[in-house]
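One structure is given here, and the rest of the page talks about it.
Derivation of every value follows stated rules applied to the coordinates shown; laboratory data play no part. Note that the structure is a prediction, hence the values are computed from the model and not measured. Here the Cβ is made from the backbone with ideal geometry for all residues, glycine too, and neighbour counts use every protein chain on show.
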Amino acid sequence: MRPRIGILAGIGSWEERERYFVNSAYVEAIYAAGGLPLIIPPLSDFDAYLPLIDGLLLPGGIDLDPALYGEEPQRGLGKVDPRLDKSEQDLIGAASRAALPILGICRGMQALVVAMGGKLYQDLQQAGTKLAHRQSCPPEHPWHQIEVDVGSRLGSILGTKLRVNSFHHQGAKEVVGLVPVARSADGFVEAVEGEKIIGVQWHPELMYKTDPRQFKLFQAFVEAAAHGMGTHKSQS
Ligand code: MN
């Protein structure tokens with residue numbers, strides 16, 4: 001049985017209609033790694049959804065409202081949607097209470113940092129980096145280097161030195177309750193982990209076909225979800 005991986009949908013608009021959507025690359029990466037992807041709409045009551053999943057993937061997306069971490073909006077902040085923020089934070093809370101493995105990607109990593117009480121840089125350029133964290137080349141191309149901590153779970157999956165793609169302008173500023181385990185050359189956090197949580201600032205779902213290490217990341221996540229299968233069903 002494939003472990004069921006919930007993927008939180010974003011909120012967008014096409015042809016004058018609002019849509020809930022997930023980029024196909026997330027769905028394909030989870031399926032390729034042996035999971036059963038289930039798209040979860042952004043609502044605010046997840047009690048009925050939680051027993052349906054064995055793991056949670058939080059995808060990339062728009063910015064998070066800085067009010068969530070007690071800051072005023074600053075120049076450089078992009079688009080935010082309080083409905084997505086609320087449902088994502090609620091879902092993270094519910095999934096961690098149920099001890100589900102969580103993989104956060106890009107915005108998903110930032111949402112995990114905020115959920116645990118941390119803070120974000122609203123815009124990395126304003127924060128002073130000279131490194132281009134928004135790449136200008138094909139999405140699967142490794143753009144900048146990162147160093148992963150020796151002895152971290154992520155390090156055992158990816159190795160300690162590698163190049164990753166980059167499509168973000170926000171980043172983790174203060175991390176509490178999670179451990180920063182990877183950094184780019186400018187010193188900014190590129191990954192965090194907790195007991196059942198991994199968050200990465202890059203987009204492994206766009207690299208897994210060309211970099212076996214990024215595929216291993218999805219496999220490890222799906223395996224972790226498989227280990228927990230059946231253990232949280234008593235709540236339903
Ligand atoms: Mn980056």
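Brief remarks follow.
- Exceedance of the 27 Å cut-off in Cα-Cα distance is limited, within the set K130/K173; K196/K216; K79/K216; K130/K161; K79/K130; K173/K209, to K79/K216; K173/K209.
- For M1, M207, order by how many other beta-carbon atoms lie within 10 Å, fewest first: M1, M207
- Put in order of Cβ neighbour count within 10 Å, fewest first, the listed residues S96, S136, S44 become S136, S44, S96.
- For segment 23-95: rounded, prolate or oblate by the Cα gyration tensor [a/c cutoff 1.5]: oblate
- Using a Förster distance of 41 Å, the FRET efficiency for S44-H227 (Cβ separation, nearest 0.05): 0.90
- Counted over segment 4-235, the DSSP beta bridges are approximately 60% antiparallel.
- Cα shape, segment 4-235, gyration tensor, a/c 1.5 rule: rounded
- Likely footprinting exposure, I157, I198, I40, fewest C-beta neighbours within 10 Å first: I157, I40, I198
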